[in-house]
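One structure below.
The values are calculated or read from the model by the stated rules, or taken from the named source; none is laboratory data. Being a predicted model, the structure only gives us computed values, none of them experimental. All Cβ positions, even for glycine, are placed from backbone atoms using ideal geometry, and neighbour counts span all protein chains on display. Just so you know, the surface numbers come from the protein's heavy atoms only, side chains and all, with ligands and any DNA or RNA stripped out. Shrake-Rupley method; radii C 1.70, N 1.55, O 1.52, S 1.80 Å.
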Amino acid sequence: MNQPVFMADIQNKICEAGLIRQEERIVLTAENCVLLEYYTGKTYSYRMVELTTLKAKRLFSKAAPLNESGYQKAMEKVLSQAGSEPENIFSIKPAIRAKNLLEHIFSNILPEHGMDFRENQAALALEMLESLQGNRLALCEAEVGTGKTHAYILAVTVHNLFSNNKLPTIISTSTIALQKALTEEYIPQISDILMEHRIIDQAPVLCGSQGEIPLCL
């Protein structure tokens with residue numbers, strides 16, 4: 001049985017491979033292929049990327065964006081030109097893919113943005129992720145300097161990316177100062193990094209009052 005494919009899988013994979021331009025967007029997924037749309041200012045250009053081989057191929061350009069029938073024809077064209085690959089890159093269970101992505105963020109993406117890899121921080125985030133996946137409680141304690149804030153922000157974000165049951169997350173802070181740091185520094189910083197790597201499409205919606213911040217991720 002095929003496992004569900006989440007947009008975070010696709011966007012991050014082709015972004016890390018350097019196969020998607022900043023202005024391009026994914027408009028269609030079909031088996032192990034995606035259709036990318038790019039507006040040049042005059043025409044709409046379409047390319048396909050095979051996710052198993054990471055090969056990109058230009059398909060066509062149009063003066064106007066595709067409509068519903070156009071997407072159907074594009075899907076047929078994408079599938080007709082896709083290679084035959086026996087292994088589905090998304091055959092791994094979503095829970096495992098979520099853990100792999102979280103480890104990748106701490107090991108590779110954050111260091112690209114000047115943040116040192118901290119083994120305790122990554123382990124804390126993974127423990128939180130596993131608790132969310134198992135719908136169980138976790139009481140976690142970490143010393144000062146571990147990077148707890150980034151750990152729980154990324155754990156809940158990655159969990160929601162690979163979960164069909166997305167719920168708001170409430171973070172209760174001990175001070176208003178920490179609340180402001182979360183909403184004005186930590187969350188915007190992480191959101192910008194994840195959007196740059198096409199892991200998320202937009203920043204979370206935030207609202208807070210009296211030390212509690214519901215996050216809609």
Legend entry - Where region 5-54 is the region considered: accessible area per residue in Å², 1.4 Å probe: 45 Å²
Inset, instruction - Note down the nm distance, to one decimal, between modelled labels 7 Å out along Cα→Cβ at LYS55 and at GLU127. - result: 4.6 nm
Legend entry - Label-reachable residues, region 113-138, where backbone N falls under 17 Å from a point 7 Å from ASP192's Cα toward its Cβ: 113-116
Inset, instruction - Mind checking the per residue accessible area of region 97-180 for me, 1.4 Å probe, whole number of Å²? - result: 57 Å²
Inset, instruction - Would you calculate the separation in nanometres between label points at GLU141 and GLN81, each defined as 7 Å from the Cα along the Cα-to-beta-carbon direction? - result: 6.0 nm
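From the Cα gyration tensor of region 163-205, with a ≥ b ≥ c the square roots of its eigenvalues, which class applies: rounded if a/c is under 1.5, or else prolate if a/b is larger than b/c, or else oblate?
oblate
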Inset, instruction - Would you mind checking the pairs LYS62/LYS99; LYS42/LYS73; LYS13/LYS73; LYS77/LYS166; LYS99/LYS148; LYS13/LYS166 and listing those with alpha carbons more than 28 angstrom apart? - result: LYS62/LYS99; LYS77/LYS166
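In region 135-180, what percent of the accessible surface is made up of carbon and sulfur (1.4 Å probe, ligands and nucleic acids excluded)?
Working: 1670 of 2940 Å².
About 57 percent, which is the carbon plus sulfur part of the accessible surface.
Quick one, can you get me the convex hull of the C-alpha atoms of region 87-178 expressed as volume per residue in Å³?
Roughly 119 Å³ of hull volume per residue.
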Inset, instruction - Work out the FRET efficiency for GLU119 and ASN165 from their Cβ-Cβ distance, taking R0 = 25 Å, and round it to the nearest 0.05. - result: 0.25
Inset, instruction - Within the set of other residues whose C-beta is less than 13 Å from the C-beta of GLN202, count the net charge using Lys and Arg as +1 and Asp and Glu as -1. - result: -1
Legend entry - FRET efficiency, SER172 to GLN72 (Cβ-Cβ, R0 41 Å, nearest 0.05): 0.25
